[in-house]
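The block underneath contains the structure these notes are about, expressed in structure tokens.
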Amino acid sequence: MKIPNGQQIIEEFEKWSPKYLAMEGDPIGLHVGTLNKKVERVLVTLDVDEAVVDEAISKRAELIIAHHPPIFRPLKNLQTDFPQGRLMEKLIKHDIAVYAAHTNLDVAEGGVNDLLAQALGLQNTDILVQTYEAELVKIAVFVPESHEDQLRDALGKAGAGAIGDYEHCSYTLSGTGRFRPTADADPYIGESGKMEVTEESKIEVVVRKADKDRVIRAMIAAHPYEEVAYDVFTLENKELPMGLGRVGTLSEEMTLRNFAELVKEKLDVPFARMVGNGEDKVKKVAVLGGDGNKYISQAKRSGADVYVTGDMYFHTAQDAQAIGLNIIDPGHHVEKVMIRGVAEYMAKHTKLQCEFIASEVDTEPFRII
């Protein structure tokens, strides 16, 4: 198997965490370097600081996939005697590309918020804040029966036929295809100028509209015919909504104080701030990685007994207290669950000849004294 280039790696990553899931204005994507090169090692990290870059250099990684964008606001300069400029200089000198997946990875199924919910043992989870609902199309393609399995496999690998918790879903009808190649044709079946009758299959798959062009390219590449016959239909039904945060239930009810201790243990943090009476009972939990100040109303409306999120402001905490919403704030850095989560997902779900390395650098800036 050939060593992939950066474009191929990110194409596989974006099948899982596509850019269209990101919140408006979020600076995701390639930040530094080029993806047009061979990549044998990818370092996965929460943040990109100088220690992480040094780690990438020592582990000979050619690409970094980060959750927090290293260039969140436009740079006014790149003076290399200042930290930001020195960081960029080191990346460029060592030809290390940096790609950021931020709120799209928060929203994605199996992404940051699902990883947090899983770590806390939440069951029967649903989204907390809907941010996206995919439009769907149906693609119907005609193929000789000898190639239908090959084509179905290519469609599935490109992301077609994903319905809820199922993938590679399709429907097949058998029929008879008729065509006459012209003198300029180079037919896979038949001869120029002669009417051809062949047994064909019609394969139908549901596709997210945003993925349609990629699926069609994969379909044409895998099809034996010189001219591929296919139809695209717009569907009125929508895919299940997607969004930020998750809401679920604990297997057993516990006190808020005991739950705060559970959060510290499961999310591997040295401290957590608590808003509410420690003896309150907790069963239903809302969780949102990063800064969740804007969503206390949604957490309350979800029926959650407690809202787990980071960077809680003083006055927002007072507002939560006023509406009877308990809060556990374990900090922003709990999003580090994505480091191992992304590395393991990419290693498991792609067949690329590439190593995905979980960063071992601690980028938590706060220390307890």
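The values are calculated or read from the model by the stated rules, or taken from the named source; none is laboratory data. If you're wondering where the values come from, they're calculated on a predicted model, not measured in any experiment. No Cβ is skipped: glycine too gets one built from the backbone with ideal geometry, and neighbour counts run over all protein chains shown. Note: areas computed on protein heavy atoms with side chains; ligands, DNA, RNA excluded. Shrake-Rupley method; radii C 1.70, N 1.55, O 1.52, S 1.80 Å.
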Legend entry - Verdict on residue 149 being among the acidic types (Asp, Glu), farther than 30 Å from residue 300 by Cβ and at pLDDT 90 or above: yes
Inset, instruction - Only residues that are in contact with a Leu (Cβ under 6 Å, 6 or more places away or on another chain), open to solvent by 10 Å² or more (accessible area, probe 1.4 Å) and outside any helix (DSSP H, G or I): list them for segment 303-350, please. - result: 326
Inset, instruction - Tell me which residues, restricted to segment 79-123, are assigned to a loop (DSSP other than H, G, I, E, B) and over 13 Å from the mean Cα position of the chain (by Cα). - result: 79, 80, 81, 82, 94, 95, 96, 120, 121, 122
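Conditions tested, residue by residue: (1) without any contact (Cβ under 8 Å) to a residue 40 or more places away in the chain; (2) of a type in the set (Val, Ile, Thr).
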{"residue": "99", "(1), (2)": "no, no"}
{"residue": "106", "(1), (2)": "no, no"}
{"residue": "114", "(1), (2)": "no, no"}
{"residue": "133", "(1), (2)": "no, no"}
{"residue": "143", "(1), (2)": "no, yes"}
{"residue": "150", "(1), (2)": "no, no"}
{"residue": "166", "(1), (2)": "yes, no"}
{"residue": "171", "(1), (2)": "yes, no"}
Legend entry - Residue list for segment 42-71, filter: of a type in the set (Lys, Arg) and either surrounded by 15 or more Cβ atoms within 10 Å (Cβ to Cβ) or on the phi > 0 side of the Ramachandran plot (or both): 60
Inset, instruction - Go through (1) in contact with a helix residue (DSSP H, G or I) (Cβ under 6 Å, 6 or more places away or on another chain); (2) closer than 17 Å to residue 352 by Cβ; (3) assigned to a loop (DSSP other than H, G, I, E, B) one by one and return the number of the condition residue 43 breaks. - result: (3)
Inset, instruction - Given the conditions (1) of a type outside the set (A, V, I, L, M); (2) part of a loop (DSSP other than H, G, I, E, B); (3) at pLDDT 90 or above, report the number of the one that residue 191 does not fulfil. - result: (3)
Legend entry - Tabulated pairs, segment 244-261, first without any contact (Cβ under 8 Å) to a residue 60 or more places away in the chain, second of a type in the set (A, V, I, L, M), C-beta under 9 angstrom, 6+ apart or interchain: 253/282; 254/262; 254/282; 255/282; 257/274; 258/282; 261/272
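Residue-by-condition table, conditions (1) open to solvent by less than 90 Å² (accessible area, probe 1.4 Å); (2) in a helix (DSSP H, G or I):
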| site | (1), (2) |
| --- | --- |
| 141 | yes, no |
| 147 | yes, yes |
| 152 | yes, yes |
| 174 | no, no |
| 186 | no, no |
| 199 | no, no |
| 232 | yes, no |
Inset, instruction - Determine which member of the set 356, 366 is under 29 Å from residue 63 (Cα atoms), aromatic (Phe, Trp, Tyr) and either open to solvent by less than 10 Å² (accessible area, probe 1.4 Å) or in contact (Cβ under 8 Å) with a residue 40 or more places away in the chain (or both). - result: 356
Legend entry - Selection count where residues are open to solvent by 10 Å² or more (accessible area, probe 1.4 Å) and either assigned to a strand (DSSP E or B) or β-branched (Val, Ile, Thr) (or both), scope segment 290-302: 2
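How many of the residues in segment 154-172 are in contact with a Gly (Cβ under 7 Å, 6 or more places away or on another chain), open to solvent by less than 50 Å² (accessible area, probe 1.4 Å) and either part of a loop (DSSP other than H, G, I, E, B) or among the aromatic types (Phe, Trp, Tyr) (or both)? Steps first, please.
First pass over segment 154-172, keeping only residues in contact with a Gly (Cβ under 7 Å, 6 or more places away or on another chain): 155, 167-170.
Right, trim to open to solvent by less than 50 Å² (accessible area, probe 1.4 Å) and you get 155, 169.
Then drop every residue that is not either part of a loop (DSSP other than H, G, I, E, B) or among the aromatic types (Phe, Trp, Tyr) (or both), which leaves 169.
Going through segment 154-172 one residue at a time, the tally reaches 1.
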Inset, instruction - Please indicate, with yes or no, whether at least one residue in segment 349-369 is at pLDDT 95 or above and at positive phi. - result: no
Inset, instruction - Could you figure out which of (1) assigned to a loop (DSSP other than H, G, I, E, B); (2) over 23 Å from residue 102 (Cβ atoms); (3) modelled with pLDDT of 95 or more isn't true of residue 271? - result: (3)
Inset, instruction - Output the residue which, of all residues in segment 218-240 that are over 26 Å from residue 165 (Cβ atoms) and of a type in the set (D, E, K, R), is modelled with the highest pLDDT. - result: 231
Inset, instruction - Just need a number here: residues in segment 270-291 that are within 24 Å of the chain's Cα centre (by Cα) and over 19 Å from residue 250 (Cβ atoms). - result: 2
Legend entry - Residues of segment 1-26 that turn out to be loosely packed, with under 15 Cβ neighbours inside 10 Å and more than 15 Å from the chain's Cα centre (by Cα), as a count: 6
